[in-house]
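Values quoted throughout were computed directly from the atomic coordinates according to the rules given, and no laboratory measurement underlies them. Owing to the predicted nature of the structure, the values given are computational and were not obtained by experimental measurement. As a convention, Cβ positions derive from the backbone with ideal geometry for all residues, glycine included, and neighbour counts pool all protein chains shown.
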Amino acid sequence: MTSTLGLYHPGDSLLHRAPAGLKLAALVAAGVATIWVRTPAAVAAYLVLALVGLVATHAPVRSVARQLRPVALFAVVIAVFQVLVNGPERAFVVVGLLVGLVLLATVVTLTTRTTALVDVVVRAAAPLRRLGVDPERLGLLLALGIRAVPVVVGLASDVRDAQRARGLTSRPSAFAVPLIVRSLRHADRVGEALAARGLDD
């Protein structure tokens, strides 16, 4: 059973047992490595590595699809643009790296509890306290950002269902406008809740 965030999937794999800090560091390293990944063959190897990691999580396909769905349309748009402007080869490199990073990030979120990720960020940001940065607030920001992903996906699903019920599937504005309005309302409610707890500054 996944967490209430719809991200973490409990398990006993090697990836699940690995420290959260190590997984985050590996994800950052993988992101930096994309600077040197320039050829289709290298991108293909990058994608294979990400897919192997995803399979190693033993997460249900449904959980994986739920996390990848939001980026799918974005990737298609980028692919079309890159094909038209720079050609198919460059499109594969750009979109392949994007998808690979998303897959690796998905591996981390599927095998790491949100609280563990937040704890790592808070500990890593501790030295910044001397510069006036509050590590606990930074951790709260991260937690809210992670929580916002499944919330927005859920709102998008609700809007899409309402759109289909009204026969407005061919109108992008009938989807975008309600989604933006609902997202802003949710943000207002979160802001009010934080203010009520003395976190309004």
Please list, in order along the range 39-50, the HN-Hα scalar couplings obtained from phi with the Karplus expression 6.51 cos²θ - 1.76 cosθ + 1.60 (θ = phi - 60°), rounded to whole Hz, x for Gly and Pro. 9, x, 5, 5, 5, 4, 5, 4, 5, 4, 4, 5
Using the basic label-point model (7 angstrom from Cα toward the beta carbon), what is the V76 to V28 distance in nanometres? 3.5 nm
What longest range of the chain stays clear of loop-exposed trypsin sites (Lys or Arg not before Pro) (DSSP non-H/G/I/E/B, at most 12 other C-beta within 10 angstrom)? 39-165
Just want the ordering: I180, I78, I35, from fewest to most Cβ atoms lying within 10 Å of their own Cβ. I35, I180, I78
In deg cm²/dmol, rounded to the nearest 500, the helical mean residue ellipticity at 222 nm of the chain, built from -39500 (n - 2.57) for every DSSP H run of length 4 or more, is -26000 deg cm²/dmol
To make sure I understand, if each residue's beta carbon is the centre and we count other beta carbons within 10 Å, what order do F74, F92 fall in, fewest to most? F74, F92
Using only C-alpha positions, report the orientation-averaged shadow area of the convex hull of the chain, nm², one decimal. 14.3 nm²
